[in-house]
Amino acid sequence: MRLNALDLVDYRLGRWQDAIGNTKADHLIIDAPYSDRTHDGGRAGTIDGIDRVPVAAHYDSWGQQQVEEVCDWAAANVRQWIVSMTDHALWSVWERALLARGYYVFAPVVLVETGRSVRLCGDGPACWSTFLCVARPRTHAAMAWRALPGAYTVPASRDKMMGGKPLAAMRSIVRDYSDPGDTIVDLCAGNATTLLAAAELGRRAIGCEMDPETWAKGKKRLTDRLHLPLLDRRPREQRNAELF
């Protein structure tokens, strides 16, 4: 029996506290809202010094309280990797919260999107970098994981929502921080890029989005892209037997 890739995804509408609850997962991969510095810079930005562009006005920034809440949830419900994509100002908040819960936290892993437009629409250099705060529990199983890259570089992509990540980048991150058959959870799934990458790679994915319009777009994106069956991974002898 062939498995449809869409069957691997559980994409829920609502606040993560309500929609996810005590759902268990192998890994948390999350691209949550960034710090006040990023959001306030976006609200104050202009294009060509004329038009004010409220690029971050559709969602609130995060701070210590929100990060602590996620880390409490992860410590109780996530078996292994925590991968949080954030800005340089909030990275240390994630680090401190994870250390306080007994995790081993690695040095920042940088995701560079070459050619990315100026997200904070003002003068000065564009920021092409997202900072990954990567942590694992201090267990023998976690310590036995394979070696992983210290940075990711991908070209900027138009195939994403504002503030989202390129699908190519998420495929690489999902591939590195999970195994086929694992369950990945994303508490801030947005346009479902992480869920899409996970399903394409044979992982189970659970995510949620609190904005109904964004959730509807993400749901359609998943349906449009994951309608084909996955590669049949059963033993060849079993597959051939069904042909006769």
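Is one or more of the residues making up the stretch 158-165 surrounded by fewer than 20 Cβ atoms within 10 Å (Cβ to Cβ), of a type in the set (K, R) and modelled with pLDDT under 95? Yes: one or more hits. Among the residues of the stretch 9-27, those that are charged (D, E, K, R) and within 17 Å of D182 (Cβ to Cβ) comprise D10, K24, D26. Comparison of A147, A168, A141 shows that the only residue that is modelled with pLDDT of 90 or more and either open to solvent by 60 Å² or more (accessible area, probe 1.4 Å) or aromatic (F, W, Y) (or both) is A147. The helices (runs of 4 or more DSSP H) found wholly in the stretch 1-108 and carrying at least 2 residues that are open to solvent by 50 Å² or more (accessible area, probe 1.4 Å) and at pLDDT below 95 occupy 36-44.
The values are calculated or read from the model by the stated rules, or taken from the named source; none is laboratory data. The model shown is predicted, which means the values in this text are computed figures rather than measured ones. Note that we place each Cβ from the backbone using ideal geometry, even for glycine, and neighbour counts take in every protein chain shown. The protein model used for the area step is the full one, side chains on, heavy atoms only, and it has no ligands, DNA or RNA in it. Shrake-Rupley method; radii C 1.70, N 1.55, O 1.52, S 1.80 Å.
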